[in-house]
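Trainee: One structure coming up, written as structure tokens, with questions to follow.
Just so you know, all these numbers are worked out from the coordinates, no wet-lab data involved. The structure displayed is predicted, hence computed values, not measured ones. Glycine also receives a Cβ, built like all others from the backbone with ideal geometry; neighbour counts cover every protein chain displayed.
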Ligand SMILES: Cc1cc2nc3c(=O)[nH]c(=O)nc-3n(C[C@H](O)[C@H](O)[C@H](O)COP(=O)(O)O)c2cc1C
């Protein structure tokens, strides 16, 4: 199941330069299995062609209020009823003003008046236009009426100025849409999550590392944000973008990871150790590059701290989840690990074989907890992460942290 399965999104595009980014937004929404109906203002068609959006959305783009064909097939009121969410992106200053004053002088503004669906706007305009008291007053009034304002961001603008008024990136808008439809089961909860590999330096240019790509941990961070959690992601060196809404802390070594976990863990309700932390590090790190003048050299390795076990052994531990990557006898070793480290849950997977695991986009997990287990079959890591977050949420509330009403 994908995050927006069957959701009907009416995407209103108005006349701003950021309209070009809606091609990517439509693509992302469709990839998440949403149905997307694009409605454009006349000005919007100056910035991006309806043909592009029609091709990407798979639906005829609606533009004209008075098109007899469109009105015959699906009238504007039907369209207003059809939508589970109306997202106006980009929302021009002009459109925000029309929305504030209840104008119905084109198809999109009329739809917004006629709908009972939630409406979200992604403002995009020159920073002075955004800061203008008229726009600010309109934005405030729209919010007071329950219309969501997603963004704007601040930064470099197409007009060459810098300041607030940039439309949120399509991936951030997608995250808002998903959040809008998600259960928000972890709203108000804080999760500290580790991801990626660690690098243990041998000398200034060499290190002991491992094959962890960080993909599973980053997918989990994304899914946790979707579920409403505040997420602190302590990540080893990986080349992945930070999921929107996640606070990321970059580290290199196991010792740095241990220190950052210790600093963050007090405030968290759930701790998930997804990182592939090196078990051993070189006892001595050479201060200069080791020269190639001997046939053999010896490297003495010292045990690294066991971050997961340390967190689980705290006086008042959070709900702890560990990962076990095994090359054989996965369930047996994972169960041993769960008992030995006294963690609440272990998610185990087979690595180094033809299955998923490190570096791959897909994986399967066997999840174990006291008195239960569940197999999460092979799936894309984003979807697997959502299933795992659902399971973690269930066990978190069931085992340790009953909800207010239970
Ligand atoms: C090149 C160009 C870029 C523009 N960019 C923006 C913009 O980013 N944001 C905005 O609010 N208006 C922008 N405008 C002005 C709008 O297109 C104008 O206010 C228009 O009436 C908006 O119509 P609509 O809200 O019906 O789409 C731009 C105009 C031009 C000519």
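Trainee: How long is the gain from residue 300 to residue 30 if the chain were fully straight, where each residue apart is worth 0.36 nm and the alpha carbon distance is subtracted?
Mentor: The residue 300-residue 30 span can extend by a further 92.0 nm.
Trainee: So how long is each side of the stretch 136-287 along the principal axes, counting just the alpha-carbon atoms, biggest first, in Å?
Mentor: The Cα atoms of the stretch 136-287 stretch 62, 41, 24 Å along the principal axes, largest first.
Trainee: Same structure again: FRET efficiency for residue 339 and residue 103, Cβ-Cβ distance as r, R0 = 56 Å, nearest 0.05?
Mentor: 0.30
Trainee: For each of 159, 190, count neighbouring Cβ atoms within 10 Å of the residue's Cβ, then give the residues from fewest to most.
Mentor: So the ranking, lowest neighbour count to highest, is 159, 190.
Trainee: As a test of the formula, what do you get for the chain when each DSSP H run with n ≥ 4 contributes -39,500 (n - 2.57) and the sum is divided by the residue count, at 222 nm and rounded to the nearest 500 deg cm²/dmol?
Mentor: -9500 deg cm²/dmol
Trainee: How big is the chain along each principal axis, measuring the range of its Cα positions in Å and listing the largest first?
Mentor: Taking the Cα atoms of the chain, the three principal extents are 79, 54, 40 Å.
Trainee: Right, something else. Mind giving me the nanometre distance, one decimal, between the label points for residue 132 and residue 374, set 7 Å out from Cα along Cα→Cβ?
Mentor: Going from the residue 132 label point to the residue 374 one covers 5.2 nm.
Trainee: Over the chain, what is the mean sequence separation of C-alpha contacts under 8 Å (at least six apart), divided by residue count, expressed as relative contact order in percent?
Mentor: It comes to 11 percent, rounded to a whole number.
Trainee: Please report the antiparallel percentage of DSSP beta bridges with both residues in the chain, rounded to the nearest 5.
Mentor: Restricted to the chain, the bridges split so that about 35 percent are antiparallel.
Trainee: How large is the direction-averaged shadow of the alpha-carbon convex hull of the stretch 190-400, in nm²?
Mentor: That works out to 12.4 nm², a quarter of the Cα hull's surface.
Trainee: Label points 7 Å out from Cα along the Cβ direction at residue 283 and residue 259: separation in nm?
Mentor: 2.3 nm
Trainee: Same structure again: Percent of alpha carbon pairs in the stretch 8-181 separated by more than 22 Å?
Mentor: Percentage above 22 Å: 38.
Trainee: Does a label point 7 Å from the Cα of residue 240, set along Cα-to-beta-carbon, have any residues of the stretch 186-211 with amide nitrogen under 19 Å, and which are they?
Mentor: Within reach of a label on residue 240, which here means backbone N under 19 Å from a point 7 Å along Cα→Cβ, the stretch 186-211 contributes 191-200, 209-211.
Trainee: Run the quick spin-label model on residue 82 and residue 52: label points 7 Å from Cα toward the beta carbon, then report their separation in nm to one decimal.
Mentor: The answer from the label model is 2.2 nm.
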